[in-house]
Amino acid sequence: MTASKNQHLAANPYRPWPTRITSIVDLTENEKLFELRIIDDEVRDTFRFDSGQFVEMSIFGVGEAPISISSAPSKRGFIELCVRKAGDVTGALHSKRCGDIIGIRGPFGRGFPIQEMKGHDVLLVAGGLGIAPLKSLINQIHDERHEFGKVTILYGARNPSEVLFRYQFDMWKHRDDFELILTVDEADDSWADEVGVVTKLFDKIEIDSARTYSAICGPPVMYRFVIDEMRKKGMDVDRIFVSFERRMKCGIGKCGHCGVGHQYTCIDGPVFSYWEAMNLQEAI
Amino acid sequence: MFFRVMDQSRLPDLVRGLAEEFEVVGPVAKDDRYVFGRIEDPADLELHYDTTLLPPKKLFFPPEERMMRFRVADNEVVDDEVYAGPRVLFGVHPCDINGLLLMDNVFMGDFEDPYYKARRENTVIVGVSCTPTDTCFCNAWGTDEVHWGFDIFLTDLGDRYFVSVRSVLGAELLDRHVETREIGDADTEAFQSASRKFKGSFTEELDTSQLPLLLDAKFDSPMWDELGDRCLSCGACSTVCPTCYCFDVVDRLEPDQKTGMRERRWDSCQFVEFAAVAHGENFRVSRASRVKYRYYHKQWGYLSKFERVLCVGCGRCERACLAKISPREVVKALETGGVQ
Ligand SMILES: Cc1cc2nc3c(=O)[nH]c(=O)nc-3n(C[C@H](O)[C@H](O)[C@H](O)COP(=O)(O)OP(=O)(O)OC[C@H]3O[C@@H](n4cnc5c(N)ncnc54)[C@H](O)[C@@H]3O)c2cc1C
Ligand code: FES
């Protein structure tokens, strides 16, 4: 979708569209999955996005927060946000009920290079809440499975109670068209998967580096270690993609808060290739 | 562009005439300095001012501004209109006109900012030539000259003005309100010699060779720690800067808690919480990293998008800084190594 096609966006890009919460799923103690439906028919029907893009979620009286879209671009009419309660705005969202109205603006930013990835093997690495933006990509790959080669997903969380979307992943573990490995830092009796940090999983996987694109999303500390493992496997720096989180206010390249190196996370990212990230001061 | 000549004695006619149609804002004296203020009487206009305390950005992007009024119950916008009355900004120096052009790239490029745009489109700009002061370094960036971004520009030739007319509206206003005449060869020569004199009166030529590259090459230089030690993180540099556009957004509820306003305010990358995110993470905790970021963004970040540095050499930040940090010093330190 181009911005100009959208009447509201062209008129005032700071104006959120009233959006109804149509479902809320408690994922963990601090994370919920919200399904949203933009109320205006025309805006809703023309809303298009790429996985990796985000919206500004707006609750008047409290403020706005940038949140990645978790659902697949192919899912029409609804979008999903997976939100951790982290402060004022996300806290206010968590106290909302099904049927309540909030606002969203967007979609903003540059997502994953899905067209480039097609026809290749894909390696996705998520840590903690980093699964939220990757979930959109995972769902898209799932929907268009024949377009991709081998698909490997590595996902690490602190403990079993923090593993998001477990119901879905438990089902996928039995499929042979996805290699999915879950790990936690601290296991409990219920845990039958791997234990240890996500980088340890690299010993367990085979990657044909010449054929593979990869995407990483997680807490800042994770990037360097995961990238080291990928480089050891021979992956090129311009085929590794990372998604950054920075403070944001406007989402559209005006307020200046999201600066990373010489760029703005909101319009130049949040997805950058590792090569681009290497050229951004203080990025990783 | 076409040109006219106007006797300086006619200036009050022009100002009075414009005031019949517009709110006129221009440089006026305030204590021993100047500010852009409303002109009620042409005699209040101080066209021989050095520089104003705040740049004209405040007229397009106010320090605090209401973006929209909202209703909480259904999360609806009640009103997001901008009031932007017709206005003339009279007597703007080339650096400040260039400052507005640099701001235009941000606010009027992709995702047009409707608030800024409304004011920009409703403001007539009348520029005026200036005399460099000892804190001016616009010559370093070429922002000592201005070729567009104004409706009318007055170059002072002593007894008369050499008037450059950029827009149709500028031509009409001139025609309507003041007597001018055609330029002759003598006027053009006087204009050229005034320009030469102006160019020759800067106190120094700043070496800016390879500046964007040096910012990367010397990213880890101890010069940033020295500057960080001095900086007070007060944000005065951003406030007085004609090209600093960063802002914060806050919601304010009315006492009834049912309606409220979303407002934005000038912000500064020098404040410690500027790059802080949830969970206690902060991408620029040290003052050194924040001072560095200000220069890095102005002289490389912005340039990487718009091919200009985000500085017009007005010298306001140097005057405002209690720690006496100036862009000239920073540029020299990058070019030669070490802070004075
Ligand atoms: C591109 C992007 C995608 C994101 N995707 C998700 C997601 O899918 N799920 C999720 O739970 N979280 C996501 N986040 C993080 C989320 O935006 C923050 O947790 C949230 O802004 C915190 O706001 P708050 O008001 O609840 O917290 P407070 O700490 O009260 O924050 C106050 C203000 O600080 C700013 N701020 C604080 N933390 C951040 C931050 N991390 N990023 C940007 N601005 C911040 C906001 O402007 C906010 O209004 C994402 C962040 C970015 C930049
Ligand atoms: S969030 Fe405002 S510039 Fe990026």
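The values are calculated or read from the model by the stated rules, or taken from the named source; none is laboratory data. Every value quoted in this text rests on a predicted model; they were computed, and no experiment measured them. A quick note on method: Cβ atoms are made from the backbone with ideal geometry, for glycine too, and the neighbour counts reach across all protein chains shown. In case anyone asks, the SASA skips ligands and DNA or RNA and just uses the protein heavy atoms, side chains included. Shrake-Rupley method; radii C 1.70, N 1.55, O 1.52, S 1.80 Å.
Probing with 1.4 Å while keeping every protein chain in the model, the per residue accessible area of chain B equals 44 Å².
When all alpha carbon pairs of segment A:175-242 are counted in 5 Å bins from zero, the resulting P(r) reads 3, 14, 24, 25, 19, 10, 4, 1, 0 %.
Remark: segment B:185-200, residue by residue, has Karplus-estimated 3J(HN,Hα) of 4, 5, 5, 5, 5, 4, 4, 5, 6, 5, 5, 5, 4, 4, 4, x Hz, where x stands for each Gly or Pro and the curve is 6.51 cos²θ - 1.76 cosθ + 1.60 at θ = phi - 60°.
May I ask you to derive the relative contact order of chain A, considering only C-alpha pairs under 8 Å and at least 6 residues apart, and to give it as an integer percent? If you can, show how the numbers build up before the last one.
On the way: 581 pairs, mean separation 47.2, N = 284.
Worked out over chain A, it gives 17 percent.
The mean count of C-beta atoms from other chains within 10 Å of the C-beta of residues in A:57-68, rounded to a whole number, is 4.
Here the translational diffusion coefficient of chain A follows from Stokes-Einstein with Rh set to the Kirkwood radius across Cα pairs; for 10 °C and 1.306 mPa s it amounts to 82 µm²/s. In summary, chain B shows an alpha-carbon radius of gyration equal to 1.08 times the 2.2 N^0.38 Å reference for compact globular proteins.
A simple count of charges around A:VAL260, restricted to other residues whose Cβ falls under 11 Å of its Cβ and scoring Lys, Arg +1 and Asp, Glu -1, yields -1. Paramagnetic label reach from B:ARG10 (point 7 Å along Cα→Cβ; backbone nitrogen cut-off under 19 Å): within segment B:116-139, residues B:125-129.
Each principal axis of the Cα cloud of segment B:29-160 was evaluated for its coordinate range; sorted largest first, these ranges are 62, 33, 26 Å. Could you tell me which of the pairs A:LYS75/A:LYS118; A:LYS254/B:LYS30; A:LYS150/A:LYS173; A:LYS32/A:LYS96; B:LYS57/B:LYS298; B:LYS305/B:LYS332 are separated by over 22 angstrom between their Cα atoms in the structure shown? Long pairs (Cα-Cα over 22 Å): A:LYS254/B:LYS30; B:LYS305/B:LYS332.
Estimated from the Cβ-Cβ distance and a Förster radius of 45 angstrom, the FRET efficiency linking A:ALA86 and B:GLU335 is about 0.55.
Direction-averaged shadow area of the convex hull around the Cα atoms of segment B:102-241, nm²? Could the numbers behind the result be given before it?
On the way: hull surface 51.1 nm².
Taking the Cα atoms of segment B:102-241, their convex hull projects to 12.8 nm² on average.
Could you work out how much longer the chain between B:ALA217 and B:ASP185 gets when fully extended? Use 0.36 nm per residue separation minus the Cα distance between them, nm to one decimal. Could the numbers behind the result be given before it?
Details: separation 32, 0.36 × 32 = 11.52 nm, distance 5.01 nm.
Gain on stretching B:ALA217 to B:ASP185: 6.5 nm.
With a 1.4 Å probe and all protein chains left in place, how much of the accessible area of segment A:203-265 comes from carbon and sulfur atoms, in whole percent? Walk me through the numbers on the way to the answer.
Details: 1080 of 2480 Å².
Accessible surface attributable to carbon and sulfur in segment A:203-265 totals 43 percent.
Computed over the alpha-carbon pairs of segment B:155-221, the distance histogram in 10 Å steps reads 15, 29, 21, 16, 14, 5 percent, short to long. Net charge in the neighbourhood of B:TYR245 (other residues with Cβ under 10 Å of its Cβ; Lys, Arg +1, Asp, Glu -1) is 0. The mean sequence distance of close C-alpha pairs (under 8 Å, at least 6 residues apart), as a share of the length of segment A:144-275, puts its relative contact order at 17 percent.
About its Cα centre, segment A:15-56 has a charge dipole of approximately 100 debye under the convention of +1 per Lys or Arg Cβ and -1 per Asp or Glu Cβ, with nothing else charged. Computed over segment A:114-278, the P(r) curve from all C-alpha pair distances, binned at 10 Å from the origin, holds 10, 38, 35, 15, 2 percent per bin. In terms of Cα atoms, the Rg and Dmax of the protein assembly as shown work out to 27.9, 95 Å.
Sorted by average packing, counted as other Cβ atoms within 10 angstrom per residue and highest first, what order do B:122-135, B:168-181 take?
Numbers: B:122-135: 19.1, B:168-181: 15.4.
Ranking the peptides B:122-135, B:168-181 by packing returns B:122-135, B:168-181.
For segment A:171-201 versus segment B:158-225, the spacing of their alpha-carbon centroids is 66 Å. Extending 7 Å from the Cα toward the beta-carbon at both B:GLU81 and B:SER286 defines two label points whose distance is 5.2 nm. Normalised per residue, the accessible area of segment A:114-278 is 40 Å², obtained with a 1.4 Å probe and no contribution from ligands, DNA or RNA.
Remark: spin-label model distance A:ASP208-B:GLU21 equals 7.2 nm, labels positioned 7 Å along the Cα→Cβ axis. For segment B:211-336, the relative contact order comes to 33 percent (Cα pairs under 8 Å, sequence separation of at least 6).
For chain A, the antiparallel share of DSSP beta bridges with both residues in that region comes to about 55%.
At what distance in angstrom do the alpha carbon centres of segment B:39-113 and segment A:28-95 lie from each other? Here the answer is 33 Å between Cα centres. Surface composition of segment A:49-88: carbon and sulfur atoms hold 42% of the protein heavy-atom accessible area at a 1.4 Å probe.
Diagonalising the gyration tensor over the Cα atoms of segment B:214-305 and scaling each eigenvalue by 5 before taking the square root yields semi-axes of 30, 15, 12 Å, largest first. Residues whose amide H lies under 5 Å from that of A:LEU27, counting only those 5 or more places away or on a different chain, are A:LYS32, A:LEU33; hydrogens are built 1.01 Å from N in the peptide plane. Taking a point 7 Å from the Cα of A:LYS200 along the Cα-to-Cβ direction, the residues of segment A:140-161 with backbone N closer than 14 Å to it are A:155-160. Modelled label positions at B:SER167 and B:LYS199, each set 7 Å beyond Cα in the direction of Cβ, lie 2.9 nm from each other. Over all other residues within a Cβ to Cβ distance under 12 Å of B:ILE39, the charged ones net out to -2, with Lys and Arg as +1 and Asp and Glu as -1. Counting 0.36 nm for each residue step from B:ARG230 to B:GLU121 and taking away their Cα separation leaves a gain of 35.2 nm.
Scan segment B:52-133 for chymotrypsin sites (Phe, Trp or Tyr not before Pro) in coil per DSSP, keeping those whose Cβ has at most 11 other Cβ atoms within 10 Å, and list them by number.
Working: sites: B:PHE60, B:PHE70, B:TYR83, B:PHE90, B:PHE107, B:PHE111, B:TYR115, B:TYR116; in loops: B:PHE60, B:TYR83, B:PHE111.
Qualifying residues, ordered by number: B:TYR83.
By the rule of a C-alpha distance below 15 Å, with chain neighbours fewer than 8 residues away ignored, the aspartates and glutamates paired with A:LYS200 are A:ASP185, A:GLU186, A:ASP228, A:GLU229.
Restricted to Cα atoms, segment A:118-179 shows a radius of gyration and a Dmax of 11.6, 35 angstrom. Normalised Debye scattering of segment B:187-249 at q = 0.14, 0.26 Å⁻¹ gives log10 I(q)/I(0) of -0.80, -1.10, counting only Cα atoms as equal scatterers and leaving out solvent.
Descending by average beta-carbon neighbour count within 10 Å, the peptides B:271-284, A:144-157 line up as A:144-157, B:271-284, the highest first.
Shielding of A:11-19 by partners, i.e. mean partner chain Cβ atoms within 10 Å per residue?
On the way: counts 3, 11, 5, 11, 7, 6, 3, 4, 1.
Whole-number average of other-chain Cβ neighbours for A:11-19 is 6.
Atom-type composition of the exposed protein surface of chain B places 50 percent of the accessible area on carbon and sulfur (1.4 angstrom probe). The orientation-averaged projection of the convex hull spanning the C-alpha atoms of segment B:272-340 amounts to 5.9 square nanometres. Heavy-atom accessible surface of segment A:3-108, averaged per residue, reaches 39 Å², computed with a 1.4 Å probe.
Considering only B:ILE97, B:PRO42, A:LEU154, the residue lying farthest towards the positive end of the dipole of the protein assembly as shown is A:LEU154, judged by Cα position with unit charges set on Cβ. Taking all protein chains as they are arranged and a probe of 1.4 Å, the heavy atoms of B:SER304 leave approximately 50 Å² accessible to solvent. Placing +1 on the Cβ of every Lys and Arg and -1 on the Cβ of every Asp and Glu, with nothing else charged, gives chain A a dipole about its Cα centre of roughly 840 debye.
The trypsin sites (Lys or Arg not before Pro) of segment A:56-94 that meet both conditions, a loop assignment by DSSP and at most 14 other Cβ atoms within 10 Å of the site Cβ, are A:ARG76.
Across peptide B:67-79, the mean count of Cβ atoms from other chains lying within 10 Å of each residue's own Cβ comes to 5. The long axis of helix A:131-143 is offset from the longest Cα principal axis of chain A by roughly 80 degrees.
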